[in-house]
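Enquirer: Can you read through this structure? Questions will come right after.
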Amino acid sequence: MDWTSLAVGGVGFVAGVVFAGLAVRAMMPGPMFTEIRLPGSFEEVGRRLEQAVTSVPGWGMPMPALDMGSQLAEKGVALEGLRRVKLYFVCNPRFAAKVVGLEPRITAMMPCTWAVYELPDGSVRLTTFNMELMRRVMPGAIGRFIGQVARDE
């Protein structure tokens, strides 16, 4: 192989990688996480979240929320850049059973974790995975079930 062929092939490869990257980015509906600033105190937002989730038919919280700040403090580690953070585990057992039956590896992402955190300025945020993005990258029936999760959220 001569240097000219190698150079042309390399340029074609790089152009293909760039094109593929741009195509993937164009298909994504936004960042990997959604974040919402919510009014109220850290405690109020947590209570409202629990009430909202359990008020939607089929949805619940299969385990207690985890106070991540306290857990870290027990290990001698302080939160950096946050006052407090609490993780809430959200699940619809009907959807979970169907998705796991189709693709057992998806259990690594279950139950859905939502985080409520308080910034140093006192503002409170809720963040979750961008389920619309997940729907787009999951094949077939799994994508359809994740699409239902995105609609319910």
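Enquirer: Quick one: is Thr34 polar (S, T, N, Q), free of Cβ contacts under 8 Å to residues at least 24 places away in the same chain and under 22 Å from Glu132 (Cα atoms)? Can you show your working first?
Expert: On the way: polar (S, T, N, Q): yes; free of Cβ contacts under 8 Å to residues at least 24 places away in the same chain: no; under 22 Å from Glu132 (Cα atoms): yes.
No; evaluated as a whole, the condition is false for this residue.
Enquirer: If you don't mind, another one. Restricting to segment 120-145, and then to whatever is under 25 Å from Val85 (Cβ atoms) and touching a helix residue (DSSP H, G or I) at 6+ places or on another chain (Cβ under 6 Å), can you tell me which residue is surrounded by the most Cβ atoms within 10 Å (Cβ to Cβ)? Reasoning before the result, please.
Expert: Keep residues of segment 120-145 that are under 25 Å from Val85 (Cβ atoms), which gives 120-134.
Filter again for touching a helix residue (DSSP H, G or I) at 6+ places or on another chain (Cβ under 6 Å), leaving 124, 131-132, 134.
Details: Val124: 21, Met131: 19, Glu132: 17, Met134: 19.
The extreme case among them is Val124.
Enquirer: Consider Phe95 carefully, then state whether it is in contact with a Phe, Trp or Tyr (Cβ under 9 Å, 6 or more places away or on another chain) and under 20 Å from Ser55 (Cβ atoms).
Expert: Working: in contact with a Phe, Trp or Tyr (Cβ under 9 Å, 6 or more places away or on another chain): yes; under 20 Å from Ser55 (Cβ atoms): yes.
The answer is yes for Phe95.
Enquirer: Please pick out the residue among Leu49, Leu72 that is closer than 22 Å to Phe33 by Cβ, without any contact (Cβ under 8 Å) to a residue 24 or more places away in the chain and in a helix (DSSP H, G or I).
Expert: Matching residue, one of Leu49, Leu72: Leu72.
Enquirer: Can I ask one more? Has segment 136-153 got any residue that is under 26 Å from Val56 (Cα atoms), at pLDDT 85 or above and outside any strand (DSSP E or B)?
Expert: no
Enquirer: Moving on. Restricting to segment 75-102, and then to whatever is under 20 Å from the mean Cα position of the chain (by Cα) and free of Cβ contacts under 8 Å to residues at least 24 places away in the same chain, can you tell me which residue is nearest to Ser41 (Cα to Cα)?
Expert: So, considering only residues that are under 20 Å from the mean Cα position of the chain (by Cα) and free of Cβ contacts under 8 Å to residues at least 24 places away in the same chain, the one nearest to Ser41 (Cα to Cα) is Ala96.
Enquirer: Go through segment 53-103 and report how many residues are more than 22 Å from Asp152 (Cα to Cα) and either open to solvent by 70 Å² or more (accessible area, probe 1.4 Å) or not hydroxyl-bearing (Ser, Thr, Tyr) (or both).
Expert: Of segment 53-103, the ones more than 22 Å from Asp152 (Cα to Cα) are 66-85.
Within this subset, residues satisfying the condition of being either open to solvent by 70 Å² or more (accessible area, probe 1.4 Å) or not hydroxyl-bearing (Ser, Thr, Tyr) (or both) are 66-69, 71-85.
Of the residues in segment 53-103, 19 are more than 22 Å from Asp152 (Cα to Cα) and either open to solvent by 70 Å² or more (accessible area, probe 1.4 Å) or not hydroxyl-bearing (Ser, Thr, Tyr) (or both).
Enquirer: Shifting gears a bit: For segment 105-119, give me the residue count where each residue is hydroxyl-bearing (Ser, Thr, Tyr) and either open to solvent by less than 20 Å² (accessible area, probe 1.4 Å) or free of Cβ contacts under 8 Å to residues at least 24 places away in the same chain (or both). First the steps, then the outcome.
Expert: Start the filter on segment 105-119 by keeping residues that are hydroxyl-bearing (Ser, Thr, Tyr), which leaves 107, 113, 117.
Narrowing the set further to residues that are either open to solvent by less than 20 Å² (accessible area, probe 1.4 Å) or free of Cβ contacts under 8 Å to residues at least 24 places away in the same chain (or both) leaves 107.
Number satisfying all stated conditions: 1.
The values are calculated or read from the model by the stated rules, or taken from the named source; none is laboratory data. Please read all numbers here as calculations on a predicted model, not as lab measurements. Neighbour counts run over all protein chains shown; Cβ positions are idealised from the backbone, glycine included. Each accessible area value is taken on the protein alone, full model and side chains, heavy atoms only, with ligands, DNA and RNA left out. Shrake-Rupley method; radii C 1.70, N 1.55, O 1.52, S 1.80 Å.
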